[in-house]
Every structure is written in C-alpha cells, then in structure tokens.
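Quick note: the coordinates plus some simple rules give every number you see, no bench work behind them. Just so it is clear, the structure is predicted and the values come from calculations on it, not from any experiment. Every residue, glycine among them, receives a Cβ derived from its backbone with ideal geometry; neighbour counts consider all protein chains shown.
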Amino acid sequence: MSDDTGPAEEARVSVLVFAPRYPPAYRGGGPIRTLEALARTVPTRFSVKVITRDRDHGVDEPLPVEVEKWTMRDGVTVRYTHVERLRHHMSALKDAREVRPELLYVNSFFDFRLSIVPQILNALHWFGRPVLLVAPRGEFGAEAIGSKSTKKRSFIAAYRLLHLPARVTWHASSAFEEADIRRLWGAKARVVVRQNDTLLPEKSDQSGIPGKPVDGPLALVSVGRLVEHKGLHLAIAGLRSAPAPVTLDVYGPAEDAAYRDRCVALVDDLPEHVVVRFHESLPHDRVRATLKNYDAMVMPTAGENFGHVIAESLSVACAVICSDSTPWSSRLAAGGGVIVSERNAAEWGKAVRAYVELSPAARLKARHEAGRAYDEWQKEAAQPHVLDLALRSTTASPLRRVRT
C-alpha cells in the first residue's frame, strides 16, 4: 500500500471489496489486474479486505491459496472462498458483515454471487450503512449489454424497481464508461471518473527493441479473452490482404468455444505466408515479457472501459493497432500506434497491409514511439485515489461529476 501522511493513531477507513476474481487468478484479464493495483496502492488511512472466488475463470481446480479464511497477499487481506457452494458463500457473507465497512466496493455489476447478492444485502443494511461504490468494468457497453441481453436487462429492470440506483456511486474509468453509465441510469447518476490504477513501471522498458532494423516477417500479437466483442475475427480476416509474411500469436482463454472455432476457420482461408498460432492465457507476470518480443499488438475491440493490456503493450514499446473505441485513441494516434477508424475486416485489412509494408527502419521507429507514448502517459499528474473520490462524492449533489 502507498504511503500517506497523517497521524499513525488515526482510525482507518474500513473498506470491503467484493470481486469475481483476485490474483493469483489471471484468466479474467484487466479487471483482475486493475483491482490488485487499486488494493495495493490505497492510502494508509484505508484498511481494505477483499472477498473473492477461490478459482480462476473457467477453471475447476482451486487456486494455490488458503481458502475459507482471511489471508494476506502482497499486503492485502483476502478471503478466497468457493462461493458456488451455499455453505461457503454464506460463511463468507457472515465474515463480511463483521467487517462493518464504511465503504463497500463491488468490482462488477452482473456477477450474481459477488455483486448482485452483496448489493441486495447492502440495501437491507446487512453491512451497516456504507458508501456503495460499484465498478461495472465495461459491462454497460452496448456490446456487453447485448451479450445474454434478456438476463441482463431483466436484472437491470429489477434493480430499478428496487430503487437501488439511488444508493450507488459508480466508478467509471474513463469518459467512455461514464457515458455508458449515464445512458443506462440517467443524467442524475452519481459517477466518480477515475482512470484505473496499474502496477506498471514509471518508465517504458525498451530492452526488447533491436539495436538496428531487422528484416523478417511482421510479428503481431493479440492478448485477451476469445469473445466476439474483442474482435479477433476482424484482425484475422484483415490478414488475408497481407502482401508479405506475417505472424500472429493469439494468447487468451477460449471463453466462447464457438467463437474460437470461428476464428480458427478464418485462419484456414489465409495465404501461406501468414501464420496464426493460438496459445493458452498468459499469467500476469508473463504478459509484458511476452509483448516485448513483437512489433505490434492488434486490438479490434468493440469497446474498453480502460484497456489495461494497451498500457502493458506500450510499457514495453510494443505498438498498438487498435479500433477507435478505447480511451487510448488520441495517445495511439499521436505516436503509440495506429487507430483503425472503422471496425470491419476491410479497414483492418488496410491497416495491416500498411503496417506490413513498413520498412524495418519504420517498424523500429514505431516501437520507440510506442515507448515514448507510454512515458508521456506516466508523466500525467497523479490523481487522488478512487476511494478518496468516492467518499468525497457522498457530499456532492446527485448531478455532480466527481473526477480529477
């Protein structure tokens, strides 16, 4: 946790976090890393406890952690529990009640056991009367709402019927996500706009950049869950028009098996000089070490509330070819990579073809520019922690937009 001024004897603000997953889980992508950074960088006046699942996304085996009890991980108190078993879930909720939090942070909106149930219990004052801060983590985007929409919209309707929105302060990590929240919950929604925390270094690591231009195939990479709104199919289809050798390595869990099969089928139609390889998910501590070996990362996403992997890519001077639907567009357009203005295979084909046609010297320059883009991003003024902003928001009017 970060240092903070203030008397050591001052009572600390109790914070209880419910999250679908927490490290060492990693298959859920950016939200896990974001929450870890949030918890590990809180000012010392906060005392944080996290309740989460004891297994990773899509995995039956438990994580290598102590379960069904409070334990410490990197300075954060965590309770890993098998929430799919009612007995363990109820035991965790009883432990949560004993925390008597002043601030309740929910790191998801639609997770039944670790978001919906805690929010309903909070409305019944199970935890007392804490400030409720909910981070939807991109779940309110149009594409995300469209996935399993009947079930999601039913819960949204019930949420309104129970008058729960009035109790919530929303954590938006960007203006993109704020717009999604207000579109769904109205202009009066109380929103804290605060960029996600990361545990990334202050300076870019450019050790993966060759000392001089090197001939060879363009090396592309994709890191993320294999689901339609991430858009891998567009990147693969775009490779059909590549005029020279290209490799694309895909890292991520096949969250949607039918979608993965669709992407594999597209690979079969590619020319022989284009090679696409599928790999398992990367543990968090291997993501940056892997990205540094590539010329560019492709990200045809339909939308990201933050885009943690973009920061990771730039942090190792790996350029990013990205759709115009993330908070990083202006920074990438200014030198961190390439923005593909239209989200379709034809436009992605043009973008890939243009990148393939770059000379080795131009590719090298693009990597240096990606590292500089990251360094500029890190130079931005430090922001107050989101928990501080959330407490500040409780004295704001419902129309106030709390941000830095």
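Highest mean first, how do 206-219, 118-131 rank when packing is the count of other Cβ atoms within 10 Å averaged over residues? Don't jump to the answer; show the numbers that get you there.
Values: 206-219: 12.8, 118-131: 15.9.
Most protected by this proxy first, the peptides run 118-131, 206-219.
Quote the relative contact order of region 218-378 in percent (integer), defining contacts as alpha-carbon pairs under 8 Å separated by 6+ residues.
On the way: 317 pairs, mean separation 43.4, N = 161.
Once normalised by length, the contact order is 27 percent.
Could you tell me which residue out of Met299, His279, Ala265 lies farthest along the dipole of region 253-404 toward its positive end? Charges go on the beta carbon: Lys and Arg +1, Asp and Glu -1, centred on the Cα centre.
Sorting the options by dipole projection puts first Met299.
Is it possible to state the helix-based mean residue ellipticity at 222 nm for the chain, with each DSSP H run of 4+ residues giving -39500 (n - 2.57), the sum divided by total residues, to the nearest 500 deg cm²/dmol? What is it? Spell out each step's value before the answer.
Values: 13 runs with 134 residues, N = 404.
Calculated at 222 nm, the ellipticity per residue is -10000 deg cm²/dmol.
Measuring from centroid to centroid over Cα atoms, what is the spacing of region 231-255 and region 78-105 in Å?
The distance from the Cα centre of region 231-255 to that of region 78-105 comes to 42 Å.
Given charges of +1 on the Cβ of Lys and Arg and -1 on the Cβ of Asp and Glu, with all other atoms neutral, how large is the dipole of region 218-378 about its Cα centre, in debye to the nearest 20? Kindly include the intermediate steps, with their values, before the conclusion.
Details: 17 positive and 20 negative charges, 70 e Å.
Its charge dipole is roughly 340 debye.
Which residue fluctuates the most in the chain, going by a Gaussian network model with Cα springs under 10 Å, if the choices are Val17, Val50, Val227?
Val227
Listing Arg100, Arg73, Arg331 from the residue with the fewest other Cβ atoms within 10 Å to the one with the most, what is the order?
On the way: Arg100 12, Arg73 17, Arg331 20.
With the sparsest Cβ surroundings first, the list reads Arg100, Arg73, Arg331.
Taking the convex hull of the Cα atoms, report for region 176-315 its projected area averaged over all directions, in nm². Mind showing how you got there, number by number?
Values: hull surface 42.7 nm².
Over every viewing direction, the Cα hull of region 176-315 projects on average to 10.7 nm².
Roughly what would the spin-label model give for Lys379 and Met72, points 7 Å off Cα along C-beta, in nm?
Here the answer is 3.9 nm between the modelled labels.
Work out which GluC sites (Glu not before Pro) in the chain are exposed loop sites (DSSP not H, G, I, E or B, at most 16 other Cβ within 10 Å) and give the longest gap free of them. Each step should come with its number before you reach the end.
Working: sites that count: Glu9, Glu10, Glu66, Glu68, Glu84, Glu202, Glu272, Glu280, Glu342, Glu357, Glu380.
Maximal segment without exposed cleavage sites: 85-201.
Arrange Asp56, Asp261 by Cβ neighbour counts within 10 Å, fewest through most, would you? Present the calculation step by step, with values, prior to reporting the outcome.
Working: Asp56 20, Asp261 12.
With the fewest neighbours first, Asp56, Asp261 line up as Asp261, Asp56.
Among Arg372, Arg12, Arg55, whose mean-square fluctuation peaks in a Gaussian network model of the chain (Cα, cutoff 10 Å)?
Sorting by GNM fluctuation, first place goes to Arg12.
So for the pair Ala333, Phe155, with labels modelled 7 Å out along Cα→Cβ, what separation do we get in nm?
The two pseudo-label positions are separated by 3.5 nm.
What is the count of Lys pairs in the chain whose alpha carbons sit under 26 Å apart, if the two are 8 or more places apart or on different chains?
Lysine pairs meeting both conditions in the chain amount to 21.
Collect residues whose amide H, placed 1.01 Å from N in the peptide plane, falls under 5 Å from the amide H of Phe46; neighbours closer than 5 in sequence don't count.
Val13
Between Leu358, Leu389, His57, whose Cα lies farthest towards the positive end of the dipole of the chain when Lys and Arg beta carbons carry +1 and Asp and Glu beta carbons carry -1, centred on the Cα centre?
Checked the options; the winner is Leu389.
Treat every Asp and Glu Cβ in region 156-295 as -1 and every Lys and Arg Cβ as +1, leave all other atoms uncharged, and give the resulting dipole magnitude about the Cα centre to the nearest 20 debye.
Details: 18 positive and 18 negative charges, 166 e Å.
So the dipole magnitude of region 156-295 works out to roughly 800 debye.
Would you look at the GNM of the chain, springs on alpha carbons closer than 10 Å, and say which of Lys350, Lys230, Lys151 moves the most?
Highest fluctuation among the options: Lys151.
Which distance in nm do the two modelled labels at Glu84 and Glu280 give, with both placed 7 Å along the Cα-to-Cβ direction?
1.9 nm
Mind sorting Ser47, Ser149 by how few other Cβ atoms lie within 10 Å of their own Cβ, fewest first?
Details: Ser47 17, Ser149 11.
Lowest to highest Cβ neighbour count: Ser149, Ser47.
What dipole magnitude, in Debye to the nearest 20, does the chain give about its Cα centre under +1 on Lys/Arg Cβ and -1 on Asp/Glu Cβ? Let's see the in-between values first.
On the way: 55 positive and 48 negative charges, 275 e Å.
Taking the Cα centre of the chain as origin, the dipole is about 1320 debye.
If you take the charge dipole of the chain about its Cα centre, with +1 on Lys and Arg Cβ and -1 on Asp and Glu Cβ, which of Ala39, Leu234, Ser149 is farthest toward its positive end?
Ser149
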